[in-house]
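Shown next, in structure tokens, is the structure this report addresses.
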Amino acid sequence: MADRPRRAFVCGHPVAHSRSPLIHGFWLRQFGIAGSYEKVDVAPAKFAAFVDGLSRGDGFVGGNVTIPHKERAFALVKRRDAAAEAIGAVNTLWVEEGLVHGGNTDAYGFSASLDERAPRWREGRTAAVLGAGGAARAIIHALKTAGYSDIRIVNRTPDRANELAARFGASLSAHSWNCLRDCLDAADLMVNTTSVGMAGKGELDWDLAALPQRAVVADAVYTPLETPLLAAARGRGLTAVDGLGMLLNQAAPGFERWFGRRPRVTAELRNLVVADLERSAA
Ligand code: NAP
């Protein structure tokens, strides 16, 4: 009997905005795989039952987890990969021998995006990370893995920055928002992981004067693609990396787990998602 088509999902609440079906749908067509990748809106009260259903083989081979379920998924899975353990959140689920496993590919996505667009980021040792939420945790893990030894977390709510510094250890320090300028001094890399710059979420008058000319500036935000931060960085002649590369690259390891082929992040895929983002913004 022929294998049944494999089905994967992205679950969140809400989930309508997710670009993941566009990305995985592109790869499924490219490889000619008769599988599917579906949006599933799961309310928080139903998430545990949803994860439990996976282990009972309810039709999915695995999927992605997005806001607000990433921490809950971390607590619910039976096995976790090393990145999920370090980050404290799960964005990828799969089933092995009846057990639901959880991984985190966000740190990989960030590193792979910088490898593509600013490969010399790996030579850096000092970074300023703005924000202390979920994206910050993944990016800090990526920076530590790449050998960054002086990571300055700058956050509006100081307690959250302190928590992250305590979690990730001696290479981190926590700072308040009004110390941003000092934290940029001698930084090889600046990363915005806050929602500042996202359409409708507020904006700042970025002062990047303290960054050295070698610095790379990255934004996790990808709506819009060219945030005011990235525009300010380019205006100073610095290398600027948008958040779309992180989104595209984090998807690849999950696709490989569920469908057995390692996809590539190509210009064609990027253009497809950019066109979709532009349609939504219009
Ligand atoms: P989160 O856990 O809710 O954290 C939000 C962060 O933004 C917190 O540090 C918060 O500071 C800060 N913040 C929000 N509004 C602010 C303001 N007006 N001024 C200063 N700080 C502000 O969110 P998240 O999941 O980390 O996501 C953050 C951003 O990253 C979003 O834009 C998301 O779309 C993007 N993201 C992108 C990718 C990708 O693949 N490119 C992946 C994940 C996330 P407080 O602690 O003070 O509230």
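The values are calculated or read from the model by the stated rules, or taken from the named source; none is laboratory data. None of the values given here were measured: they were computed from a predicted structure. A quick note on method: Cβ atoms are made from the backbone with ideal geometry, for glycine too, and the neighbour counts reach across all protein chains shown.
State whether the residues of the stretch 197-218 include one that is within 14 Å of the ligand (Cβ to nearest atom), buried (at least 16 other Cβ atoms within 10 Å of the Cβ), not in a loop (DSSP other than H, G, I, E, B) and not polar (S, T, N, Q). Yes, the conditions are met somewhere in the stretch 197-218. When the stretch 146-169 is examined, which residues are found to be more than 13 Å from the ligand (Cβ to nearest atom) and aliphatic (A, V, I, L, M)? Within the stretch 146-169, 146, 151, 165, 166 meet the criteria. Would you point out the residue of the stretch 101-121, among those that are touching a helix residue (DSSP H, G or I) at 6+ places or on another chain (Cβ under 9 Å) and closer than 18 Å to residue 225 by Cβ, that is surrounded by the most Cβ atoms within 10 Å (Cβ to Cβ)? So the residue we want is 110. Is it the case that residue 130 is at pLDDT 95 or above, more than 12 Å from the ligand (Cβ to nearest atom) and farther than 20 Å from residue 265 by Cβ? It is false that residue 130 is at pLDDT 95 or above, more than 12 Å from the ligand (Cβ to nearest atom) and farther than 20 Å from residue 265 by Cβ. Among the numbered conditions (1) under 21 Å from the mean Cα position of the chain (by Cα); (2) assigned to a loop (DSSP other than H, G, I, E, B); (3) aliphatic (A, V, I, L, M), the only one that residue 187 does not meet is (1). With respect to being assigned to a loop (DSSP other than H, G, I, E, B), within 19 Å of the chain's Cα centre (by Cα) and in contact (Cβ under 8 Å) with a residue 24 or more places away in the chain, residue 90 fits the description. Condition check for residue 172 on (1) modelled with pLDDT of 95 or more; (2) within 13 Å of the ligand (Cβ to nearest atom): one failure, at (2).
Considering 124, 98, which residue is away from the ligand (no atom under 15 Å from the Cβ) and surrounded by fewer than 16 Cβ atoms within 10 Å (Cβ to Cβ)? The conditions single out 98.
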